[in-house]
């Protein structure tokens, strides 16, 4: 079966999606609208994209691909509302810098500058703010970006959960590279850069709502270096960090954007025993749990080994794995070959099993 | 008295300020830390600048002045937490677009791209979100900027006050122009672009906590066009929009940054009767009340008339006025010649008389 993926194809698919007109059926915001799954996508498409409609926003990549006076740059924004603010392996400050740096890095950009906006609750301890800010500086220094502009607002006691942080980042995009999940095609390999789900499970356990302890820390980390290393391999078509909604959400985004199927072998997905155990107790699938230092890459099948070697040669990618392949049918669908020899559809997340994870 | 304002001078003053080491004496965040006055400045200097220390952040202008691959650009961020979300003349969406566009415009940049990050409270009506988003689109269209990337988070019921919005903007900076309030010098004129305090008083009245009605609407407006018109006049040294903390805060920032005095004639400050009346009842000074569509400019005295004419020739600047002059002494101080013939110091705001105004 041959599928020419020309520009016309892409435009036609955008047109088709437009005609489909997603509709928000709820009258009020629910936790699911923030979970990164089905409800989030519908909200984004029906409310934000519908209103702001422009060619730069509509690809809905990790970062917008812009030109300013001849310079090609990427821009991305993220607000962080994680609860608790401090957890094993990091805090909201690490997340805020690494998360935005990673959105630039997976878009193929070289992260350069960050802004940060704080919303602080009256009564929030200044000492906690200092710890958060110190983490932000360390993360920024580690990756070579500068925090160049900021804003601070204070909201009343009882609002704001202590501290919310927004970071927005810009970075330089090489002009000779066009990455994008819509370019995935049958035969491509799906690679994950490391074990999945550690961040989400760590945060969940840090809430102390479960009678469960595990020797786990968040995977929060800057991925710029690892992404640059992978990009040196030809045949890399796209990267996307697996945050809210986890790896399964990214795979669904790939399947929909490129109108292909993604077939994943459950056995091949690296998951630490502690994560697997906690997920079983929580009744959730690790494939849907947020990471803050892992990404999924789509690589031309002919370069899969080379890509894997490039990742594994870096400390952050030591446990990288090819977890599946892109196929033609059923288009728009993620199929999971389970450990028990069956096959099931891994659809977009419905509801929000792990709220306020980032 | 002659004061050479060389680069060395500026660097020396930065060094002096560093040695002064501002310290936050409180252990917890208070409403005053969000008011734009003394507490805000101390928090920014002692916590954020201290940690993030870099030459791009330290000027603390309305926007950072950056270079990316040879392109000079401005970047600015603002979170909006106004209460109520809807008020006469606008809503949080207008503020979020106009406010960030204005920070770029007063920095002399041509606004180009905005990101927006929403933090939504569970239970927030989708219809209200649509209204906010529609306002954002209208404001963005009016000023010719594109909303190119976004993020949505959902927080639990009781947190988040319905909706917080962060917008971050980038714009192109002409390479031949160096604006900055540190360049103010004795003899310069202080110009305000229109009547002050309408936004703050409007929001305050919209809360309905006062037995007071006034025929007022917010002054929220994009200033890019008006700023560009003023910049065509030679001798314009700096512009700054008078948001949190109002005109008096901007004047104090000028006096400190340039180590000069600013002498203002109270009679010359344009204030609508409704604003004056409400302020008298509230026991506050209109000079400290937030505007969202007014700026203060520092202009070489020789070009004051030309600058005023340029502003007054534009509908948004019809009521622009020269309100004072820059003098040499006492350096770092704003003096107010009152309507009753006296003179008093108009210091930075202490406390927060009008919380959550933007």
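The numbers here are math on the coordinates, done by the rules we state, and not lab data. Just so we're clear, the structure is a prediction, and the values are computed from it rather than from any experiment. Note: ideal-geometry Cβ built from the backbone for every residue, glycine included; neighbour counts use all protein chains shown.
Overview of values
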item	result
Extension gain, residue A:69 back to residue A:215 (0.36 nm per residue minus Cα-Cα distance, nm)	47.6 nm
Cα pair distances exceeding 16 angstrom across the range A:184-242, given as percent	58 percent
Shape box of the range A:270-312 [Cα atoms, principal axes, largest first, Å]	39, 18, 16
Share antiparallel - DSSP beta bridges, chain A, percent rounded to 5	75 percent
Cβ-Cβ FRET estimate between residue B:25 and residue B:58, R0 fixed at 22 Å, reported to 0.05	0.45
Spin-label pair residue B:138/residue A:337, simplified geometry with 7 Å Cα→Cβ offset, distance in nm	5.6 nm
20 Å-binned pair-distance histogram of chain B (Cα, whole percent)	30, 61, 9, 0
For chain B, built as a Gaussian network whose Cα springs stay under 10 Å, the top-fluctuating residue of B:282, B:43, B:212	B:212
Across the identical copies, how the residue A:313 labels are spaced - nm, sorted shortest first, 7 Å along Cα→Cβ	6.3
Expected 222 nm ellipticity per residue - DSSP helices of 4 or more, -39500 (n - 2.57), all of chain B, to 500	-8500 deg cm²/dmol
Among B:46, B:74, B:297, residue whose mean-square fluctuation peaks in a GNM of chain B (springs only between Cα atoms under 10 Å)	B:46
Average beta-carbon neighbours from other chains, 10 Å sphere, peptide A:43-52	6
Under the Debye formula (equal points on every Cα, no solvent term), log10 I(q)/I(0) of the range B:181-345 at q = 0.17 Å⁻¹	-0.97
Sites residue B:177 and residue B:207 - FRET efficiency at Förster radius 45 Å, r taken between beta-carbons, to 0.05	0.65
Surface/4 of the Cα convex hull for the range A:62-177, nm²	7.5 nm²
Spread of Cα-to-Cα distances over 10 Å intervals beginning at zero, given as percent, for the protein assembly as shown	3, 15, 25, 25, 16, 9, 5, 1, 0, 0
Difference of contour (0.36 nm per residue) and Cα-Cα distance, residue B:232 to residue B:267	9.8 nm
Cβ-derived FRET efficiency at R0 41 Å, residue A:350 paired with residue A:318, nearest 0.05	0.75
Highest-MSF residue in chain A out of A:289, A:106, A:143 [GNM, Cα springs under 10 Å]	A:143
Teacher prompt: residue B:213 distances to equivalent labels in other copies, 7 Å Cα→Cβ, nm	6.4
Proportion of all alpha-carbon pairs of the range B:109-246 beyond 24 Å (%)	50 percent
